[in-house]
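Asker: Would you mind keeping the following structure in view while I ask a few things?
All of the numbers you see were taken from the coordinates with simple rules; none came from a lab. All values derive from a computational prediction rather than experimental measurement. Every residue, glycine as well, gets a Cβ built from its backbone with ideal geometry; the counts of neighbours run over all protein chains shown.
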Amino acid sequence: MSRRGSQKRRTPPSAPRRISRTDRWVPMPKPQRHNNESLRIHADVLVLGGGPSGAWAAVAAAESGAKVVLADKGYLGTSGATAPSNTGTWCVPPGDNRHAVVERRWQRTGELADQRWMLRCVDTAYQNLLRLSEWGYPFPSEDDGRLYIANLRGPDYMRFMRRRVLMAGVSVLDHHPALELLSDGDAVVGAAGFARQAGHDWRVDAGAVVLATGGCAFRERILGGTGLTGDGYLMAAEAGASLSGMEFTGKYTLAPYGSSLNKGLPFRWASFHREDGSPILGPTGELLRNGIGDREEEVARALIDGPVYARLDQAEPALQGWLRQGQPNCFVPYDRAGIDPFSELFRVTLRAEGTVRGTGGIDIVSDDCATGVSGLYVAGDAASREMMTGAVSGGGAVNSSWALASGWWAGKGASTHARRWTGKAFRREARPLGQAGLRPSALARADIAAAEVIEAVRGEVTPLDGNFFRTGERLEKSAARLESVWRDVRSHLQGEGADRLRSREAASIAAAGRWSVAAALHRAESRGMHRRTDLPGKNTALAHRLVITGVDDFRIAGAPERLKEPSSWGLAS
């Protein structure tokens, strides 16, 4: 790629009237205060979530002429899994035989991905990487002077996207977690939540809503995963949307023991050893030097038996310097402990990553990332990525490009829908949809605590011997336990004031865990990261998606194939 793109600047379509010196806020469209000092705003498009997909959705909607509000559980630019990361992208320039590249990737997806979606994603992601260059993002240059646009340094990328969102005229609500969606009976017409720092409720009435709330990490201690509690899944399901791919949560990443740093790249050059110093051997009897891919199973088996240690002794001196320069945060735990990871053994563990690097999420029914519920769109890790990655993880690169593309599509789709419903959303009565954790079906009980609910779910969905390696017997027991947890949550869990956020997060984690285990039990085979030791082979009759619909009483149905004709993928009305 030439450098001309880095010198060209696009004039933003609508500059904000004022930006605070801290880049934290732009004036909102005449917010109204009601009883108990709650905040109410009208917008065309409301984006929930402040990761890359949410930022791209907000910019896309604003550039389409929509009045946009973005509400983030944290602070737009620092929250989520991308902000602390150094992530590659699935960057395939037009002249690099995209069809062949996609075909090779598709061969690894367990026959569940859709090549048309994969091609759309690489095309839109590449165009948005060029947009970043045109907007002035500081991509590094290669030796021949061309910009290297395939990699994004998370802190710089998200700080840059925050500025771009503000420049587009988007009103940003930091530390405003959403608790529930609003519906007028025909469509989703906004959302409501709690302003954590100000201590009051908020409500945004909107013509369309984009859920970019991320995946569910089940409160596992991973970098950037604290706020990833599957909130969007529960909100969407309550509105009538379906989910798919929820069985594909068996993705784990190697990390230094006691650390939240789930960055697996350096372990490509590691050897692994048991506590007595004996090497862990691969299936062929060779020294296990790669913790990535199929060989990760050998580390998982050893970890079930006892502690495992690693040493990055396969990295040559030049490579060691490259790793330290390119992945500086990966070495912070070692430096703090006074360990040279290239020459000394250090203890490691595997961190469950749920649907963050898994596959599952809200099912998409059209090219503009509509959910099948009028007025509701989805982007990023909140969406199912089966069409992109099938039964295997999208890792960092594919998921990063998916965020670039799906955010753009969802923002455009939401703005188109909002134009069709101009004014209608604000003339009709809207009702809140939130149930579990907010409005229990029976009397609230003080002995049902959010923290205990989360730990009970974690006990079923994070252990290696129950989730990395699965059996029907273990899944049946987990499903029964999670049903019991859900009954308690649905009937008795409730928070007041700021505690509503914790109770709602616990309910979302419980729902995601329940759906995940039920789908895993339904998929009676092994495919990709879904490993059934009692059913080790693929079942050709299950070479399709499993779609889950419903909350309290849900159903699982097969979806043999997606719509194939482009004409049938129109914008949702």
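Asker: Determine ³J(HN,Hα), in whole Hz, for all residues of segment 121-126 in sequence, where each value follows from phi through the Karplus function 6.51 cos²θ - 1.76 cosθ + 1.60 and θ = phi - 60°; x replaces Gly and Pro.
Answerer: Using θ = phi - 60°, the values come out as 5, 5, 5, 5, 4, 5 Hz.
Asker: Could you state the orientation-averaged shadow area of the convex hull built on the Cα atoms of segment 62-113, in nm² to one decimal?
Answerer: Over all viewing directions, segment 62-113 projects a mean Cα-hull area of 6.9 nm².
Asker: Once you list every other residue whose beta carbon is under 9 Å from the beta carbon of W409, what net charge do they have if Lys and Arg are +1 and Asp and Glu are -1?
Answerer: Result for the local shell: 0.
Asker: Report, in cubic angstrom per residue, the convex hull volume of the C-alpha atoms of the chain.
Answerer: 159 Å³
Asker: What is the sum of charges around A255, taking Lys and Arg as +1, Asp and Glu as -1, for the other residues whose C-beta is under 11 Å from the C-beta of A255?
Answerer: +2
Asker: Let me ask something else. Among the listed pairs K263/K412; K73/K263; K73/K477; K251/K477; K73/K251, which have their C-alpha atoms separated by more than 30 angstrom in this model?
Answerer: K263/K412; K73/K477
Asker: Sticking with this one: For the ranges 242-251, 76-85, 549-558, what's the packing order if you count other beta-carbon atoms within 10 Å of each residue, average per peptide, and put the highest first?
Answerer: Put in order of decreasing packing, that is 242-251, 76-85, 549-558.
Asker: Beta carbons within 10 angstrom, averaged per residue: use that to sort the peptides 273-280, 152-159, 228-235, highest first.
Answerer: 228-235, 152-159, 273-280
Asker: Amide H neighbours of F469 under 5 Å, at least 5 residues apart or on other chains, H built in the peptide plane: list them.
Answerer: Here nothing satisfies the definition.
Asker: Of the peptides 499-507, 512-520, 472-480, how do they stack up when ordered by the mean number of other Cβ atoms within 10 Å, highest first?
Answerer: In decreasing order of mean packing, 499-507, 512-520, 472-480 become 512-520, 499-507, 472-480.
Asker: Among I149, I222, I339, which comes first, second and so on when ranked by fewest other beta-carbon atoms within 10 Å?
Answerer: Going from sparsest to densest Cβ surroundings: I339, I149, I222.
Asker: Report the GluC sites (Glu not before Pro) located in segment 79-173 that are in a DSSP loop and have at most 13 other Cβ atoms inside 10 Å of their Cβ, or state none.
Answerer: Listed in order of number, the matching sites are E142.
Asker: Pop out the ³J(HN,Hα) list for segment 154-161 in order, Karplus 6.51 cos²θ - 1.76 cosθ + 1.60 with θ = phi - 60°, rounded to Hz; leave Gly and Pro as x.
Answerer: Whole-Hz 3J(HN,Hα) from phi for segment 154-161: x, x, 5, 4, 6, 5, 5, 5.
Asker: On to the next question. For segment 98-108, in order, what is each residue's ³J(HN,Hα) by Karplus, 6.51 cos²θ - 1.76 cosθ + 1.60 with θ = phi - 60°, in whole Hz (x at glycine and Pro)?
Answerer: Working through the residues one at a time gives 4, 4, 5, 4, 5, 4, 5, 5, 4, 4, 9 Hz.
Asker: If amide hydrogens are placed 1.01 Å from N in the peptide plane, which non-local residues have theirs closer than 5 Å to the one on G372?
Answerer: For G372, the qualifying residues are V365.
Asker: Let me check I've understood the local charge: for F342, count other residues with C-beta under 9 angstrom from its C-beta, Lys and Arg +1, Asp and Glu -1. What total comes out?
Answerer: Surrounding charge for F342 is -2.
Asker: Order these by the 10 Å Cβ neighbour count, fewest first: V392, V209, V365.
Answerer: V365, V392, V209
Asker: Given R₀ = 51 Å, what would the calculated FRET efficiency be for E142 paired with S441, taking r from the Cβ atoms and rounding to 0.05?
Answerer: 0.30
Asker: Now a separate question. Would you mind ranking W421, W90, W322, W56 by Cβ crowding within 10 Å, fewest neighbours first?
Answerer: Ascending Cβ contact count within 10 Å gives the list W322, W421, W90, W56.
Asker: For S183, what residues show an amide H to amide H distance below 5 Å, using hydrogens built from the backbone and excluding near sequence neighbours?
Answerer: Residues meeting the amide H criterion: V189, R431, L433.
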